1. Please count how many residues of region 41-68 are in a loop (DSSP other than H, G, I, E, B) and either charged (D, E, K, R) or surrounded by fewer than 16 Cβ atoms within 10 Å (Cβ to Cβ) (or both).
2. Of the residues Leu140, Leu151, only one is at pLDDT 95 or above and outside any helix (DSSP H, G or I); which?
3. Being in contact with a helix residue (DSSP H, G or I) (Cβ under 6 Å, 6 or more places away or on another chain), crowded, with 18+ Cβ neighbours inside 10 Å and not hydroxyl-bearing (Ser, Thr, Tyr) narrows it down to one residue among Asp134, Asp147; which is it?
4. Restricting to region 91-109, count the residues that are open to solvent by less than 70 Å² (accessible area, probe 1.4 Å) and small (Gly, Ala, Ser).
5. Given the options Thr78, Thr42, Thr89, name the one that is away from the ligand (no atom under 11 Å from the Cβ), out of contact with any Phe, Trp or Tyr (no Cβ under 7 Å at 6 or more places or on another chain) and of a type in the set (Val, Ile, Thr).
6. How many residues does region 13-30 hold that are within 16 Å of Asp144 (Cβ to Cβ) and either in a loop (DSSP other than H, G, I, E, B) or of a type in the set (Val, Ile, Thr) (or both)?
7. Out of region 119-129, which residues are open to solvent by less than 70 Å² (accessible area, probe 1.4 Å) and more than 10 Å from the ligand (Cβ to nearest atom)?
8. Please verify whether Thr38 is closer than 12 Å to Leu151 by Cβ, of a type in the set (S, T, N, Q) and either in contact (Cβ under 8 Å) with a residue 40 or more places away in the chain or outside any helix (DSSP H, G or I) (or both), treating the condition exactly as stated.
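The values are calculated or read from the model by the stated rules, or taken from the named source; none is laboratory data. No experiment lies behind these values; they were computed from the predicted model shown. Don't worry about glycine lacking a Cβ; one is built from the backbone with ideal geometry, like all the others, and counts go over all protein chains shown. For accessibility, only protein heavy atoms count, side chains too; no ligands or nucleic acids. Shrake-Rupley method; radii C 1.70, N 1.55, O 1.52, S 1.80 Å.
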Amino acid sequence: MAEQTFSYPTGLTKRERYEAFLKDFAPFIEGEEDTISTLANTAAALREAFGFFWVGFYLVKEPEWLHLGPFQGSVACTRIKRGRGVCGTAWAEERTLVVPDVDAFPGHIACSSLSRSEIVVPMFKDGTVIGVLDIDSDQLNAFDAEDQSALEQLVGLL
Ligand code: SME
């Protein structure tokens, strides 16, 4: 495999950075059948391209529980119940949640006290949620509709 980096010039707008990322990322994961390998590389690629504070996956492993999957960042809670926290709520409501201030989200689960805002994007297979992509920032209000749209596109590739 040729070396692949996901490092982009600092001057790019967020939109340009997502466009460059998605263009490189789609062929990068093509042909890899192992889910864990793909998710691990996805977390690493997102962290490299965007410098996210925490980025990773929680996967549906039991009817009511998400389990921690591949991630980049500091250690995190290993299980989240359906309907709990931002991740469990995004799963239960089957929609992306953009949380500008985690302290204002009822039931937010603080894996790190440094996390200030968050986006959680559900992943679907045959119409059922099989996990979520969770990204945390140490800045307030870090995520918006542009992140939502690009990250929903990204999880659609997985
Ligand atoms: N904040 C999440 C928990 C996972 S950590 O952010 C990595 C939540 O409320 O579901």
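1. From region 41-68, those in a loop (DSSP other than H, G, I, E, B) are 51-53, 63-64; that's our starting set.
If we keep only those that are either charged (D, E, K, R) or surrounded by fewer than 16 Cβ atoms within 10 Å (Cβ to Cβ) (or both) as well, we get 51, 63-64.
So the answer is 3.
2. Values: Leu151 fails: outside any helix (DSSP H, G or I).
Of the residues listed, the single one that is at pLDDT 95 or above and outside any helix (DSSP H, G or I) is Leu140.
3. Values: Asp147 fails: in contact with a helix residue (DSSP H, G or I) (Cβ under 6 Å, 6 or more places away or on another chain).
Going through Asp134, Asp147 in turn, the sole match is Asp134.
4. Pass one, region 91-109, residues open to solvent by less than 70 Å² (accessible area, probe 1.4 Å): 91-92, 96-102, 105, 107-109.
Now narrow it down to the ones that are small (Gly, Ala, Ser): 92, 107.
Summing the residues that are open to solvent by less than 70 Å² (accessible area, probe 1.4 Å) and small (Gly, Ala, Ser) in region 91-109 gives 2.
5. Working: Thr78 fails: away from the ligand (no atom under 11 Å from the Cβ); Thr89 fails: away from the ligand (no atom under 11 Å from the Cβ).
Result: Thr42 is the single residue among Thr78, Thr42, Thr89 that is away from the ligand (no atom under 11 Å from the Cβ), out of contact with any Phe, Trp or Tyr (no Cβ under 7 Å at 6 or more places or on another chain) and of a type in the set (Val, Ile, Thr).
6. Count: 1.
7. To start, the set of residues in region 119-129 that are open to solvent by less than 70 Å² (accessible area, probe 1.4 Å) comprises 119-123, 127, 129.
Correct list: Ile119, Val121, Pro122, Met123, Gly127, Val129.
8. Values: closer than 12 Å to Leu151 by Cβ: no; of a type in the set (S, T, N, Q): yes; either in contact (Cβ under 8 Å) with a residue 40 or more places away in the chain or outside any helix (DSSP H, G or I) (or both): yes.
Taking the combined requirement at face value, the residue does not satisfy it.
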